Structures are given as C-alpha cells and as structure tokens.
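Participant: Okay, here's the structure, questions in a sec.
The numbers here are math on the coordinates, done by the rules we state, and not lab data. Remember, it's a predicted structure, so these values are computed and weren't measured experimentally. FYI the Cβ positions are ideal-geometry reconstructions off the backbone, even for glycines, and counts take in every protein chain you see.
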Amino acid sequence: MEKFSTHTGIGVPLRQSNVDTDQIIPAVYLKRITRTGFEDALFAAWRKDPAFILNQAPFNAGSVLVAGPDFGTGSSREHAVWALKDYGFKTVLSSRFADIFRGNSGKQGLLAAELAQDDIELIWKVLENAPGTEVTVDLVSKTVMCGNIVAPFEIDDYTRWRLLEGLDDIGLTLQHEEDITTYEATRPAFKPKTLPARLS
Amino acid sequence: MAKTLAEKVWDAHVVRKGDGEGANAQPDLLYIDLHLVHEVTSPQAFEGLRLAGRKLRRPDLTIATEDHNTPTLDIDKPIADLTSRTQIQTLRNNCAEFGVRLHSLGDAEQGIVHVVGPQLGLTQPGMTVVCGDSHTSTHGAFGALAMGIGTSEVEHVMATQTLSLKPFKTMAINVEGTLRPGVSAKDIILAVIAKIGTGGGQGYVLEYRGSAIRALSMEARMTICNMSIEAGARAGLVAPDQTTYDYMHGRPHAPQGAEWDAAVEYWNTLRTEDDATFDVEVDLDADTLEPFVTWGTNPGQGVSLSSKVPSPEDFGDENAKAAAERALQYMGLEAGTPMKEIRVDTVFLGSCTNSRMEDLRAAADVIRGRTKDPNIRMLVVPGSARVRLEAEAEGLDKVFKEFGAEWRFAGCSMCLGMNPDQLEVGERCASTSNRNFEGRQGKGGRTHLVSPVVAAATAVRGTLSSPSDLESAAVRTSAA
C-alpha cells in the first residue's frame, strides 16, 4: 500500500446524504474480476446527468470528495473504494461513514476523514463559491485546510498509523502466526468443518 | 464485569489482544470459524494470494457458492453474459486451485450464501462468521457474531483465518409484545430502521431481545438479523434458545452424539447476563406494529402501510429534508398519497432477507385460490436449490404458477439486479429484498421494501396492500 501523509487537490462538494455503494458503483460493474480499471463505473448512473458535479470543470479534476453524512452505506463491495481511487480521489470527507466502507478505505489507502457536519457545510460553501479551490488533507496533524477554514478530522489511530507507514495488513498479522496456531489448538471439537462435505 | 452476548462471543475468539487501552487501543486479532465465499467479492482476493505466494490457511473452514451473478432461468445452458460467465468460471478455477468446497449452479446445495450456511448446519451459536457480503449479519440469528467484509479482508481471512477488528459498542433492540396477524419479522426490522435511521447502528452490534423476538422462528430471526446492516450495524444477533437447537438438530454439519451435548452445554452459556449493560437500548412495541413499507430510496425511509407518503416538510433536519425531496422525485411519488393507492408493476419474492420456506409458504397462503392483478409481473426466486426442491415437494410451485407468477431457480436475482432479472426505467416494484437504493434493482427502477405477505397481497390487488385488504376467502375463485 502507498504511504499517505498529506494530500492537496481540488475539492468536490457532493451535497447529499446516504450516498450508498450502489450509487458509488452499480452492481453491473461488479462482474469484473480485476482490482483496477473501475474509473468509468464511479457514480455511473449520476454521471449520465450533464448537471452532475463530476461532469463540470474544474470538479472533474477533483481528488478530494466532500460528501454528506452516512457515506458508503449498503453493500460491502470494495469496488466502491477501487472506483473512487481509480477516478483519482485520494480522500473522502464526511461527517459519518458506513463501517464497512471505512474499513475497506483503510485497507486500500483511501483516506476516509470524519469531520463535523458544520465544517463540511463551511467547506461546501467555499467550494461552491470558488470552484477549483484546493483542499489540503494532512494526516499527520489530522487537519483539513480549505480557503480560510482549518478543521480537525477524526480517524482511528491504528488506521492512521498504517496509512502513514503504508503497511500491508496481512503481513502484519502473519507476524503473529504462532498465536494463531496456538489458538487453533484450543478450538472445541464440536465446531463445524466444511470438509469433508456432509450432505443432507 | 458482566458481559453481553456479543462480548462473550468476541472474547472467545481473541487470538491476540490489541496493545493499548481505550481510544488508542490497537485492534484485536479475532479467529474466524467460518468463511463463506461467492463469485463477486472473491476473485481479487484469490489473485492477491497468488501474487503473494500465500496459501489459503483453512479450506476446511471455508465454503463457496454461486449466487450473485447467476441466472435464474436456463441454468443448464452456458451463461449468456460473457463477463458473468467468466466470473463464475473464475470462482470454479479458484476453488479447485485452493481446495475450497464449492456448490455450483445445478447442485442441490447451491443458493444464496446466507441461506446455504444455516441450511447445511454450518452456522452455529457462538461462532464468528464472515463473508464478502454485507448481509452476513443474517447468521447472527443463531447467536453468532457474523459480519460482512470487503475484498481486502476476504484475502486477509483466506491467508490468516483471522480479522483485525476494533471492539464494537453494544445496542439492545427490545421488542416486547405479540405481533398481530399479517405482521411479521420484516415489519419489525423495517420499523427498527425507520426508528434509528440508516446510520443509527454504526459502530454497534445489535442484540434483538424481548418476548416478540423469542416467539419468532429461526427463519424469521434471520430476516431481522439480515437487515442489521441497513441500520448501519455490521452485525446483529439473537441469543440461542430451544428454537435454535430444534432448527439445527440433525442438519448435515450440526454436531452429533456426545459433541451435540457438549455444544448445547456451551451454547446455553451464550446469553447476555442480567446485570450486563448495553451502550444504548431501543424499545419497540410489537403489539401496535403494523405492516411496514418504504416510500423512499433508503431503508430508513419507511412508514406503516396504512399511512401516507410523507412530505419533506415533515423532517426537521435539513439533510433529511433534502433527501426526502430527492427520494420523492426519484420514486415518482407525491406527498400525502395513501401508500395503499400506489400501483406497482412488479412483485419480487426472494433475496437473503425473505426467500426461505416460511416466506414462500406465507406468500402462497395469501395467493392460494386468488387471482393475480393482470398488470403485475411476479417473480418468485427461492433462496437455494434446496428450498426450491422442498417447496416443490409441498406443491408451492404450483400455487405460484397457477397464480401467474414466474417460478425461478435460486440466487440473489432481482435483489441487486446483477443478472438479467432487473427492473426497467420507471418500473415500480414491491420487493421482499433489503435495499431500495436508486437503481438497485435495475437502472431507474423504483423499489418498495415489503414483507412476503404484503408482496403477495400486492400482487393480488395491484396496489401496495396487506392481506387484511383482500376480500375474504369466501369470495375467492373456485381454484382453491
């Protein structure tokens, strides 16, 4: 995973709550078996509307998405994170993220930064009044800067550390493989196994 | 300290406690008892293992089935959509390469992953269950800690049989009283979501408790736990009891003999202690609950079937108001319209929420001897090939076919419209599934989430209806 410390890019105000993962990437795009190449799928239904924000310059070159509360609700599809990254987004700001989406982001190096809704509203105004304004998201100081606004954001310390260091989760866990083996020896015999298959 | 059920299951699976305390604590490493796999969220995870030269640690705790992207017609022919066919073939190749048991299209145990696990007896109390699908919460009905994960986590579980997780907060959903006829588990969970909102459960594990929950069958409890994610909670559970044990006993992978006794002894310890405290408690009155239906584009936008489409002005919060305005426009609805006057085009009976035997029986009981509204298209998609076989043995397929419904093969189908089962632009659907998001069931499609009996009654009348709106059985056609 690439390290993330700070990012500056054009902010995209998405004034909408409950942006669910079916909106971020509709199910028909989930048939692919690759992990990349989903940029065309991002907000596919909404992008058919010429008035949609990503169809307008300079927002189409944005890399900081500023969304309403409850971003990423619904399905566990990590494709939602892949699509945002493939389009060019490095970070999403919202006052509340769905748990699974937030987890998926952390695994993929997309920063999901939780801000107070009041700060989101202030940033929306700046971005709407001066399209193309850049937003800086500093993971070291956990701060967002946009115009004259300086706002703190929340992210759990473990995810922050992994993002800053660019660490692979599986590699970290496998450092504790002995603990896993020890635990496995204590599992009760009545716990089910899928193999050999028993059929009705 | 006295523990809740969720905390007990959690603690029993800690491989390694995270360093640190409180907000600064690192995640715990939790052991995973069962990993369910399907074709959509696994190919990139298998590929990750291959690229890193890693093995799948426990094939004997892993099981795969084909469900999301499979056709529900002509399953004996090659899948017409080439991309879909490739995805299914990729799962087959991966399972063969990594030694994972797979139930493919055409197999009697194939079906929606959350129907298959319990049906085989693989889902048991006190387990940790994960799957690359958010409706994994379904398995919580057995008192298991079950949650949906993304593809990176799928790969992590494949490689390590563990997950790094931060402890959840706990929320009790207390449902006391007795459900009235025509009111079901689906109505309970839709009412819970409307009450706490789509974000209300974020960061929590929900425990459904109270006399109304105790009175429910296992299949009904699965319906409730299934939609925990729609309230924002990654997991929801019900303490196991005699109902749970009766359901499990004799299933292929249930413990047998002395192991059954040992298991039951352990399962009996799986309940929230009397003096344990939840971080939040929510109460719902089962006595007064009515059939529930959604009017908007998120599962929290629901009302009683007997009420009217709300107005954006009814919402104090600016974001909720804007969301309501947008939802009404998308749904093509006007505020103040009685819900029961809304005419629908399609009825979908299926999905991991409502596609089990009891769901099919309940719907069949409503339509038996009645006539379908001629303008309604009705799809019945059993949750698994096994459910389909059982239903046919009871003659339910005939009831649906005589009524004019389409009797399909098992899969996720129109719940998410990955396969050809989709709504057209502007088409309105009464659906027993779990998500009414914009375009979820097909681009431009409009979804109202309902229970199986409301779906069935709607197919009779053509407008959103409950069974109590139908004329009495005495005036049914003679077909009965």
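Participant: What are the radius of gyration and Dmax of the range B:339-480, computed over its Cα atoms and given in Å?
Facilitator: Considering the range B:339-480 through its Cα atoms, Rg and Dmax are 13.9, 42 Å.
Participant: Suppose we take every Cα in the range B:215-273 and form the convex hull; what volume per residue is that in Å³?
Facilitator: Once divided by residue count, the hull of the range B:215-273 is 108 Å³.
Participant: What length, rounded to one decimal in nm, is gained on full extension from residue B:317 through to residue B:259, with 0.36 nm per residue of separation minus their alpha-carbon distance?
Facilitator: Net length gain for the segment: 15.5 nm.
Participant: Just counting partner chain Cβ atoms within 10 Å, what average do the residues of peptide A:20-26 show around their Cβ?
Facilitator: Mean partner-chain Cβ count within 10 Å for A:20-26: 5.
Participant: Counting only other residues whose beta carbon sits under 10 Å from that of residue B:286, what net charge do I get with K and R as +1, D and E as -1?
Facilitator: Around residue B:286, the charge tally is -3.
Participant: Share of antiparallel DSSP beta bridges in the range B:283-397, in percent to the nearest 5?
Facilitator: 50 percent
Participant: Say each of residue A:197 and residue A:182 gets a label point 7 Å from the Cα, pointing the same way as Cα to Cβ; how far apart are those two points in nm?
Facilitator: The modelled label-to-label distance comes out at 3.7 nm.
Participant: Pull out the extension gain between residue A:34 and residue A:130, defined as 0.36 nm times the separation in residues minus the alpha carbon to alpha carbon distance; nm, one decimal.
Facilitator: Here the segment from residue A:34 to residue A:130 would lengthen by 30.8 nm.
Participant: Residue B:276 versus residue B:365, label points 7 Å from Cα toward the beta carbon: distance in nm?
Facilitator: Going by the 7 Å Cα→Cβ label model, 3.3 nm.
Participant: Neighbour counts of other C-beta atoms within 10 Å: give me B:429, B:131 arranged from fewest to most.
Facilitator: Result, fewest neighbours first: B:429, B:131.
Participant: Rg/Rh for the range B:327-375: what does it come to with C-alpha atoms and Rh from Kirkwood?
Facilitator: 1.06
Participant: Now for a separate question. Quick one: which of A:125/B:321; A:191/B:77; B:186/B:398; B:55/B:443; A:31/B:166; A:31/B:308 span more than 28 angstrom between C-alpha atoms?
Facilitator: Violating the 28 Å Cα-Cα cut-off are A:191/B:77; B:55/B:443; A:31/B:166; A:31/B:308.
Participant: How shielded is B:95-101 by partner chains, expressed as the average number of their Cβ atoms within 10 Å of its Cβ atoms?
Facilitator: Per residue, the average neighbour count from other chains is 1.
Participant: Between beta-carbons, use under 11 Å as the cut-off and find the net charge around residue A:45, counting Lys and Arg +1, Asp and Glu -1.
Facilitator: With Lys, Arg at +1 and Asp, Glu at -1, the neighbours total +1.
Participant: Work out the FRET efficiency for residue B:390 and residue B:471 from their Cβ-Cβ distance, taking R0 = 35 Å, and round it to the nearest 0.05.
Facilitator: 0.70
Participant: On to the next question. What GluC sites (Glu not before Pro) in the range B:340-407 are in a loop by DSSP, with at most 16 other Cβ atoms within 10 Å of the Cβ?
Facilitator: B:394
Participant: Using square roots of five times the C-alpha gyration tensor eigenvalues, list the equivalent-ellipsoid semi-axes of the range A:82-182 in whole Å, biggest first.
Facilitator: Calculated on Cα positions only, the semi-axes equal 31, 13, 12 Å.
Participant: If you don't mind, another one. Could you let me know the centre-to-centre spacing of the range A:26-74 and the range B:404-446, using Cα atoms, in angstrom?
Facilitator: Measuring centre to centre over Cα atoms gives 22 Å.
Participant: For a quick protection proxy, order the peptides B:132-142, B:100-110, A:178-188, B:437-447 by their average other-Cβ count within 10 Å, most packed first.
Facilitator: So the peptides B:132-142, B:100-110, A:178-188, B:437-447, ranked by packing, come out B:132-142, B:437-447, B:100-110, A:178-188.
Participant: Over 20 Å intervals from 0, what percent of Cα-Cα pairs in the protein assembly as shown sits in each interval?
Facilitator: Bin by bin from 0 Å, the calculated values are 19, 55, 24, 1.
Participant: Using +1 on the beta carbon of Lys and Arg, -1 on that of Asp and Glu, and nothing else charged, what's the dipole of the range A:133-194 about the Cα centre, debye to 20?
Facilitator: Around 300 debye, computed over the range A:133-194.
Participant: Using only the alpha carbon atoms of chain B, find the Kirkwood hydrodynamic radius as the inverse mean reciprocal pair distance, in angstroms to one decimal.
Facilitator: Kirkwood radius, chain B: 22.8 Å.
Participant: Which order do the peptides B:34-42, A:29-37 take when ranked by the mean count of other beta-carbon atoms within 10 Å per residue, highest first?
Facilitator: Ranked by mean Cβ neighbours within 10 Å, highest first: B:34-42, A:29-37.
Participant: Spin-label point model (7 Å from Cα, Cβ direction): what's the residue A:117 to residue B:341 distance in nm?
Facilitator: Result: 3.2 nm between the two label points.
Participant: While we're here: Among B:188, B:75, A:53, which comes first, then next, by fewest other beta-carbon atoms within 10 Å?
Facilitator: Result, fewest neighbours first: B:75, A:53, B:188.
Participant: In Å, what Kirkwood hydrodynamic radius results for the range B:103-252 from the alpha-carbon pair distances?
Facilitator: Its Kirkwood hydrodynamic radius stands at 15.8 Å.
Participant: Find out how many positive minus negative residues lie around residue B:158, taking Lys and Arg as positive, Asp and Glu as negative, among other residues whose Cβ is under 10 Å from that of residue B:158.
Facilitator: Here the charged neighbours net out to +2.
Participant: Taking the square root of 5 times each eigenvalue of the Cα gyration tensor, what semi-axes in Å does the equivalent ellipsoid of the range A:19-167 have, largest first?
Facilitator: The three semi-axes for the range A:19-167 are 23, 20, 13 Å.
Participant: Under 16 Å Cα-Cα from residue B:3, which lysines qualify once same-chain neighbours fewer than 8 residues away are excluded?
Facilitator: Hits, sequence-local ones excluded: B:169.
Participant: Partner chain Cβ atoms within 10 Å, averaged over the residues of B:38-45 - can you pull that number for me?
Facilitator: 4
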